[in-house]
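Everything on this sheet refers to the single structure shown next.
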Amino acid sequence: MQRTRIIRELNDQLRQHGIGGKVYITSGIQALEEWLGRAIITAVREFDQFDQSNDPYGEHDMGTVDVAGTKAMWKIDYYDASIAYASDDPADPQKTVRVLTIMLADEY
């Protein structure tokens with residue numbers, strides 16, 4: 001489906017390159033040793049193990065990584081331009097602010 005492909009590409013652009021939205025790192029990630037925090041961010045950027053079990057809608061909007069025994073996850077949410085409400089069209093980058101949050105799994 002075209003709409004899903006557009007959403008997936010916009011999500012991948014944000015996750016892999018930090019382009020097209022905002023990226024937030026939780027306090028749990030920030031509190032880790034610097035090398036581990038950086039390794040988790042790199043693992044999120046490089047994540048490519050999407051399948052039906054972890055990406056049922058094909059949007060590449062959530063995932064988990066395990067780095068040196070530390071479980072982390074990431075999630076992309078879609079907001080309207082004011083970042084107050086959910087976007088009514090995540091496929092339209094003019095209407096949507098993407099927010100990628102990288103967190104420890106136990107912070108979810």
Discussion item. If you take every residue apart from LYS71 with its C-beta less than 15 Å away from the C-beta of LYS71, what net charge results, scoring Lys and Arg +1 and Asp and Glu -1?
Written reply: -2
Discussion item. Below 14 angstrom from the Cβ of GLN2, what's the summed charge of the other residues (Lys, Arg +1; Asp, Glu -1)?
Written reply: -1
Practice prompt. Taking the chain as the reference, fit the longest principal axis to its C-alpha atoms, fit the long axis of helix 34-46 to the helix C-alpha atoms, and give the angle between the two in degrees, 0 to 90, nearest 10.
Written response: 40
Worksheet entry | Neighbourhood charge, 11 Å Cβ-Cβ cut-off, centred on ARG45 and excluding it, Lys, Arg +1 and Asp, Glu -1 | -1
Worksheet item: Measuring with a 1.4 Å probe in the full set of protein chains, what accessible area per residue, in whole Å², belongs to the chain?
Response: 60
Worksheet item: Carbon and sulfur atoms: what percent of the 1.4 Å accessible area of the chain do they account for?
Response: 50
Worksheet item: Which percentage, to the nearest 5, of the DSSP beta bridges contained in the chain is antiparallel?
Response: 75
Worksheet item: Sorted by packing (mean other beta-carbon atoms within 10 Å per residue), highest first, where do 41-53, 72-84 land?
Response: 72-84, 41-53
Worksheet, complete the sentence: Quick calc of log₁₀ I(q)/I(0), the chain, Debye, one scatterer on every Cα, no solvent, q values 0.13 1/Å, result -0.47
Discussion item. From the helices alone, meaning DSSP H stretches of at least four residues, give me the mean residue ellipticity at 222 nm for the chain, per-run term -39500 (n - 2.57), in deg cm²/dmol to the nearest 500.
Written reply: -9000 deg cm²/dmol
Worksheet item: Nearest 10 degrees, 0 to 90: what angle lies between the long axis of helix 2-17 and the longest principal axis of the chain (Cα atoms)?
Response: 30
Worksheet, complete the sentence: When the charge dipole of the stretch 38-108 is computed with +1 on Lys and Arg Cβ and -1 on Asp and Glu Cβ about the Cα centre, the Cα farthest towards its positive end, among GLY63, GLN52, MET103, belongs to MET103
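The values are calculated or read from the model by the stated rules, or taken from the named source; none is laboratory data. Not measured: the values here are computed from a predicted model. Ideal geometry is used to build each Cβ from the backbone, glycine not excepted, and the neighbour counts take in all protein chains shown. The area values use the complete protein model at the heavy-atom level, side chains included, leaving out ligands, DNA and RNA. Shrake-Rupley method; radii C 1.70, N 1.55, O 1.52, S 1.80 Å.
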